[in-house]
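The values are calculated or read from the model by the stated rules, or taken from the named source; none is laboratory data. Since the model is a prediction, treat every value here as computed from it, not as a measurement. In this analysis, Cβ positions are derived from the backbone assuming ideal geometry, glycine residues included, and neighbour counts consider all displayed protein chains. Surface accessibility is based on the protein's heavy atoms, side chains included, excluding ligands, DNA and RNA. Shrake-Rupley method; radii C 1.70, N 1.55, O 1.52, S 1.80 Å.
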Amino acid sequence: PAQTKSEYDLVTLTSFLLKEQAKGTMDGELAIVLSSIAVACKQIASLVTRAGISNLTGLAGAANIQGEDQKKLDVVSNEVFCNALRASGRTGIIASEEEDLPVSVEETYSGNYVVVFDPLDGSSNIDAGISTGSIFGIYAPSEECAIEDMDDPEKMMQNCVLNVCQPGSSLLASGYCLYSSSTVLVLTIGHGVFGFTYDSQIGEFVLSHPDLKVPEEGKIYAFNEGNYEGWETGLRDYMDSLKNASKWGGKPYSARYIGSLVGDFHRTLLYGGIYGYPGDTRNPNGKLRLLYECAPMSMIIEQAGGVGSTGRGRVLDVMPEKVHQRVPLFIGSKKEVEYLESFLK
Ligand code: P6P
């Protein structure tokens with residue numbers, strides 16, 4: 001008789017990573033970095049859930065390099081991520097939305113990976129209990145330069161920035177953890193996209209979405225239309241077209257926007273459609289950062305059969321010049337993103 005799957009025959013993130021390593025699709029050292037990131041996400045999930053009762057809502061009283069007021073949880077989540085990556089002993093350099101410059105990690109025993117992350121994206125939603133998420137990407141050390149001249153801070157910093165500023169096409173792995181009605185870690189190591197739902201009863205991320213694929217097309221768009229006036233004409237025409245019922249058999253597209261990239265992206269990945277953060281007259285390159293928001297999400301969407309575009313090119317082809325560089329982002333189902341690009345030609 002076919003082996004019936006017992007409820008105890010579950011695949012955890014750990015057993016998934018061990019199997020991938022056994023299959024040779026990933027390096028054991030990378031598995032250690034990913035396991036450390038999973039620990040950080042479990043800690044942040046707990047902090048986020050209890051923010052209102054542990055005095056962790058509200059502002060930290062400081063601003064990050066973007067000039068954005070840091071929430072207490074931004075600062076705490078950043079520390080949690082940095083500590084977990086240091087403890088992995090396999091991380092050489094980290095770049096965070098919450099750190100002005102990349103940081104080289106002394107406690108590196110091997111692996112020497114470069115990890116870029118936004119420890120708590122959408123944190124402005126925390127006080128209202130709305131979904132947030134952590135986003136991360138992992139690169140091999142850049143061939144251009146090893147970490148040397150430890151005693152020359154200037155050269156050291158140049159090395160760090162060089163190691164961090166790699167195109168998304170060089171990513172070895174990327175993922176995010178959604179903190180919402182459930183805590184879901186979504187991950188790709190270049191062989192498809194896998195989702196793991198956190199089971200707090202056993203303290204494990206359990207495989208819940210094997211080999212995720214984004215629907216070829218969807219009926220949902222996620223843009224902040226408050227910026228409509230500042231958009232270029234082609235984009236306004238695109239948006240008007242999505243609302244033109246007669247063009248879509250009598251039913252226009254639906255608008256869904258929660259102002260949290262991880263939540264809006266996850267819904268787009270599962271239901272199809274498009275998420276966009278365009279440039280506008282005030283911010284020509286939009287708001288989202290290439291390195292630790294747009295590139296990791298674009299690797300995931302491409303691995304799931306979708307498209308990640310700047311509107312005029314593939315996000316993963318963009319060569320970063322600066323750590324906190326912004327790019328416009330249009331990401332989701334192939335049909336919707338390619339239709340948008342046709343308005344921007
Ligand atoms: P706006 C959150 O601050 C964030 O970086 C993303 O998570 C989110 O999609 C976007 O900005 C929301 O920006 O300008 O629409 O409030």
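Largest GNM mean-square fluctuation across Leu13, Leu235, Leu261, computed for the chain with C-alpha springs under 10 Å, falls on Leu235. Please check: in the Gaussian network model of the chain (C-alpha springs, under 10 Å), which one of Arg314, Arg50, Arg90 has the largest mean-square fluctuation. Of the options given, Arg50 has the highest mean-square fluctuation. Remark: the stretch 1-90 projects, on average over all directions, an area of 9.3 nm² (convex hull of Cα atoms).
Calculated accessible area for the stretch 190-283 comes out at 47 Å² per residue, all protein chains present (probe 1.4 Å; ligands, DNA, RNA ignored).
For Lys42, the lysines whose Cα comes closer than 21 Å to its Cα, not counting residues fewer than 8 places off in the same chain, are Lys71, Lys72. Choose one answer from Glu232, Glu68, Glu302: the residue with the largest mean-square fluctuation in a GNM of the chain with alpha-carbon springs under 10 Å. Of Glu232, Glu68, Glu302, the Gaussian network model singles out Glu68 as fluctuating most. Taken over the Cα atoms of the chain, the convex hull encloses 155 Å³ per residue.
Other residues whose C-beta falls under 10 angstrom from the C-beta of Val193 contribute a net charge of -1, scoring Lys and Arg +1 and Asp and Glu -1. Taking only the Cα atoms of the stretch 89-219, the ratio Rg/Rh comes out at 1.04, with Rh defined as the Kirkwood radius.
Measuring between alpha carbons in the structure, the pairs from Lys247/Lys287; Lys213/Lys334; Lys287/Lys322 lying more than 20 angstrom apart are Lys247/Lys287. Here the contact order of the chain, divided by its residue count and restricted to Cα pairs under 8 Å and six or more residues apart, works out to 15 percent. Cross-link reach is defined here as a Cα-Cα straight distance under 16 Å, omitting same-chain residues fewer than 8 places apart; for Lys251 the lysines meeting it are Lys219, Lys243. Add +1 for every Lys or Arg and -1 for every Asp or Glu among the other residues with Cβ under 9 Å from the Cβ of Pro252, and state the total. Once all neighbours under 9 Å are counted, the net charge is +4. For the chain, the dipole from Cβ point charges (+1 on Lys and Arg, -1 on Asp and Glu) about the Cα centre works out to 1360 debye, to the nearest 20. Between the residues Ala128, Ala84, Val114, the greatest Cα displacement towards the positive end of the dipole of the chain, with unit charges on the Cβ of Lys, Arg, Asp and Glu, is found for Ala128. For the chain, give the percent of accessible area contributed by carbon and sulfur heavy atoms, probe 1.4 Å, rounded to a whole number. On the chain, the fraction of accessible area on carbon and sulfur atoms equals 51 percent. Take every pair of alpha-carbon atoms less than 8 Å apart whose residues are at least six positions apart; their mean separation over the length of the stretch 57-187 yields a relative contact order of 19 percent.
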